[in-house]
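The values are calculated or read from the model by the stated rules, or taken from the named source; none is laboratory data. Small disclaimer: the values here were computed from a predicted structure and weren't measured. As a convention, Cβ positions derive from the backbone with ideal geometry for all residues, glycine included, and neighbour counts pool all protein chains shown. Heads up: the accessible areas ignore ligands, DNA and RNA and are worked out on the full protein's heavy atoms, side chains in. Shrake-Rupley method; radii C 1.70, N 1.55, O 1.52, S 1.80 Å.
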Amino acid sequence: MVTDPPYDAMINYCDSSDLMFVWLKRALRNSHPWFGITTDPDGLQEKTNEAVIKFGSIGDDHRTETHYKACITRAFESARRKVKSDGVVSIVFGHGDPEAWTRVLTAISDAGLVLTGSWPCSTEKGGKQTGEYIDNTIMMACRAAAADRPVGDVRRVDEEIRAEITKRVPVWTGDGLADSDQRMAAIAPAMEVVGRYSEVRDFTGVPVPIERFLGLARRAVEEAADVRIEQFRLTDFDERTRFSLSWARQHARRVAAASEARWQRLSHDMSDSDVDGLLAKDKGGSRFARGEEFAQSPEAHRLHASSAVIDIALAIAAEGRSLSAIAEALHLLDRENDEMLWAAMNALIRFVGEGDPDGQVWAWAVRNRGLICGQAHRARTQRQRELARDAAQDDQTKLF
């Protein structure tokens, strides 16, 4: 059994074809009189069982997320019943939104199917009606779930997912799959691992939701690729910096679909507030924030000695090409000798380009690192002398 089900809210098939229906039912009135018979109050096609989510709907349209999931679950159940006990149900799916993936994967599981194999396929551009593009879809081979599957421990399942994806990344790379497509392709093998168990629970015994494994799958691709930022692994950086470097590496300053921000947060197990100041909303989605935008965020006003590397880098970008301002900022934060900071700025220069305003500041700062660090060191020495002098004066005052 092979099926290419509707991709969530990507295309409203019946609504799109109503344009033809209203003319065809007139043209075929004599030869096919039954064609125009419909119970729809507006004389359009009946949509009671259409398995899509109606986006931008007006009024009480029944094609909700709940309706869509119920429809495709019934379809997958029917497919499972129709094939033999060792038969394969192949499902083609692709979408840019993690919530859409959660719905279809939950439907597969609820229908009594488990993934046993998967292949990324270069197909075609998806519809733009919802702002979600797809360059690649995933062919998921499913079989009926065994009745005697054990309950899985989330820690062991995590390890198995990482191991499985680590094996596949070299194959995907050899096949010419881009980094972004590998992240999407990783969803299926992660669910293959999850499907070995009747349920996956955390250490408290609570079932773990599917969304968690979607994020882990994408993160595992990054870990398997062993991305280097000069002498450091990407995984060596703090979470905010890792999030930002990963985003800039994929998108530079380009605007990415809103769903990409949700994927990125899911991959790093971060909330909206966790990435405050790092992304800026723009027409059509989100992009990497500029230094001047970061300067307006709450994080910019909470900078301290242990702030995330990316926060310091964006603060430097906001200062502009000012030797004294950057040196003063780094001196106060005691970060002028932070090798990870300088490595991150070097990487950001490559990612956003020296034509970018922030890229120009970072490039200038890196080239003048010696002068900046020297001035920061002198400022620290001067500050220490002032503190020592003030302390000595206090001691003398106490004597009298």
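Considering lysine pairs in the chain that are 8 or more places apart or on different chains, how many have Cα atoms under 27 Å apart?
19
Under the Karplus relation 6.51 cos²θ - 1.76 cosθ + 1.60, θ = phi - 60°, what is the ordered set of whole-Hz ³J(HN,Hα) values for region 38-51, x standing for Gly and Pro?
Running phi through 6.51 cos²θ - 1.76 cosθ + 1.60 with θ = phi - 60° gives 8, 8, 5, x, 9, x, 9, 5, 6, 10, 4, 10, 5, 8 Hz.
Using the heavy atoms of the protein chains and a 1.4 angstrom probe, tell me the accessible area per residue for region 91-249 in square angstrom. List each step's numbers first, then the result.
Values: 6750 Å² over 159 residues.
On a per-residue basis, 42 Å².
Quickly rank 100-113, 362-375, 199-212 as a protection proxy: mean count of other C-beta atoms within 10 Å, highest first.
With the highest mean Cβ count within 10 Å placed first, the list reads 100-113, 362-375, 199-212.
Taking 0.36 nm per residue of sequence separation and subtracting the Cα-Cα distance, how much length would be gained by fully extending the chain between TRP34 and SER271, in nm to one decimal?
Values: separation 237, 0.36 × 237 = 85.32 nm, distance 5.35 nm.
Full extension of this stretch gives 80.0 nm more.
Put a dot 7 Å past each Cα toward the Cβ at SER306 and LYS281; how far apart are the dots in nm?
It is 3.3 nm.
Using 0.36 nm times the number of residues separating VAL83 and ARG383, minus their current alpha carbon distance, what extension gain do you get? Each step should come with its number before you reach the end.
On the way: separation 300, 0.36 × 300 = 108.00 nm, distance 7.79 nm.
Between VAL83 and ARG383, full extension yields an extra 100.2 nm.
Pull up all non-local amide H partners of ILE229: gap of 5 or more, or a different chain, and H-to-H distance under 5 Å with H placed in the peptide plane.
LEU234
Output ³J(HN,Hα) for region 295-312: one whole-Hz value per residue in order, computed from phi by the Karplus curve 6.51 cos²θ - 1.76 cosθ + 1.60 with θ = phi - 60°, and x for Gly and Pro.
Per-residue couplings from phi come out as 4, 8, 8, x, 4, 5, 8, 10, 4, 8, 4, 10, 4, 4, 4, 5, 5, 5 Hz.
How do 182-194, 301-313, 336-348 rank on mean C-beta neighbours within 10 Å, highest first? If you can, show how the numbers build up before the last one.
Values: 182-194: 24.3, 301-313: 17.5, 336-348: 19.3.
Packing proxy ranking, top to bottom: 182-194, 336-348, 301-313.
Hey, in the GNM for the chain with a 10 angstrom Cα cutoff, which one of THR381, THR116, THR241 fluctuates hardest?
Of THR381, THR116, THR241, the most mobile in the Gaussian network model is THR381.
If you take every DSSP beta bridge whose two residues both sit in the chain, what share of them, in percent to the nearest 5, is antiparallel?
Details: 22 of 27 bridges.
Close to 80 percent.
For Cα extents along the principal axes in Å, which listed value, (1) 60, 58, 54; (2) 61, 49, 42; (3) 109, 52, 47, comes from the coordinates shown?
(3)
Could you work out which residue, out of ARG290, ARG218, ARG228, moves most in a Gaussian network model of the chain, that is, has the largest mean-square fluctuation with Cα springs under 10 Å?
ARG228
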